[in-house]
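Each remark here refers to the structure printed beneath this line.
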Amino acid sequence: MADMKQTTGHRKRIRHYHDPGHVHELTFSCYQRWPLLTNDPWREMLAESVDRAMEGHRYRLAAFVFMPEHVHLIVYPLAEAGTIDALLKAIKRPFSYRIKQLLIQSEDRLLQRLTIRQRPGVTTFRYWQEGPGYDRNFIKPSTVLTAIDYLHHNPVRRGLVKRAVDWKWSSVRYYLVDPPQQYIGLPTVHSLPAEWLNEPD
């Protein structure tokens, strides 16, 4: 099922679907698509935030890519999973708070650039682009497997590396090793459920 966009005034809103058994591709961007995910400590902190949110909201991460200015996740729900909206908030808000505290402690000028005036006298720190990002649902195994492969090659298409396996901040190596293994500093990846690995004729 594709994502549905609704327009209220001039602002687009994305309606997230939560149908049981569906696999979701989630994409969200840094504020103004600035390349804010370019240092390893911050990327490791994001990996921790993803792990905590997946566990807390009953989802599993099937694939991911951290790009310099945006994030791709492919996830699937377990029984009694929370909503996609709640999952995204649980990833983004704690991570954003940690980054803000680091910037305050180091008196980094980036803090000022990311502090946005909402209205006179009211400001907010904004690491992530406002809004829910992009959400696509998959219902066919062939489609989700193709999406994972396409996602893993994003760094190659961008010219960041020559081979997908050379980009540390993705799940590509998980899929190249048998048996799969987890990597320190990266989010925990889980194999897709069996029904997503073999599509019936």
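The values are calculated or read from the model by the stated rules, or taken from the named source; none is laboratory data. Please read these numbers as outputs of a predicted model, since none were measured by experiment. Because the Cβ atoms are built from the backbone with ideal geometry, glycine has one as well, and the counts that use them run over all protein chains shown.
Can you name the residue in the range 73-90 that is surrounded by 20 or more Cβ atoms within 10 Å (Cβ to Cβ) and within 16 Å of Tyr127 (Cα to Cα) and is also nearest to the chain's Cα centre (by Cα) among such residues?
Among them, the one singled out is Leu88.
Could you go through the range 132-149 and let me know if any residue there is out of contact with any Gly (no Cβ under 9 Å at 6 or more places or on another chain), β-branched (Val, Ile, Thr), part of a helix (DSSP H, G or I) and loosely packed, with under 14 Cβ neighbours inside 10 Å.
Scanning the range 132-149, I find at least one residue that is out of contact with any Gly (no Cβ under 9 Å at 6 or more places or on another chain), β-branched (Val, Ile, Thr), part of a helix (DSSP H, G or I) and loosely packed, with under 14 Cβ neighbours inside 10 Å, so the answer is yes.
Please determine, by comparing only the residues of the range 173-201 that are of a type in the set (A, V, I, L, M, F, W, C), surrounded by 12 or more Cβ atoms within 10 Å (Cβ to Cβ) and farther than 19 Å from Glu69 by Cα, which one is modelled with the lowest pLDDT.
Only one residue fits best here, namely Trp196.
Condition first: of a type in the set (D, E, K, R), closer than 19 Å to Val189 by Cα and out of contact with any Pro (no Cβ under 7 Å at 6 or more places or on another chain). Can you find one or more residues in the range 55-75 that meet it?
yes
Would you pick out the residues in the range 25-39 that are part of a loop (DSSP other than H, G, I, E, B) and either on the phi > 0 side of the Ramachandran plot or in contact (Cβ under 8 Å) with a residue 24 or more places away in the chain (or both)?
Once the filter is applied, which keeps residues that are part of a loop (DSSP other than H, G, I, E, B) and either on the phi > 0 side of the Ramachandran plot or in contact (Cβ under 8 Å) with a residue 24 or more places away in the chain (or both), the range 25-39 yields Trp34, Pro35, Leu36, Leu37, Thr38.
Just checking, does the range 161-171 include any residue being out of contact with any helix residue (DSSP H, G or I) (no Cβ under 9 Å at 6 or more places or on another chain) and at negative phi?
No, the range 161-171 contains no residue that is out of contact with any helix residue (DSSP H, G or I) (no Cβ under 9 Å at 6 or more places or on another chain) and at negative phi.
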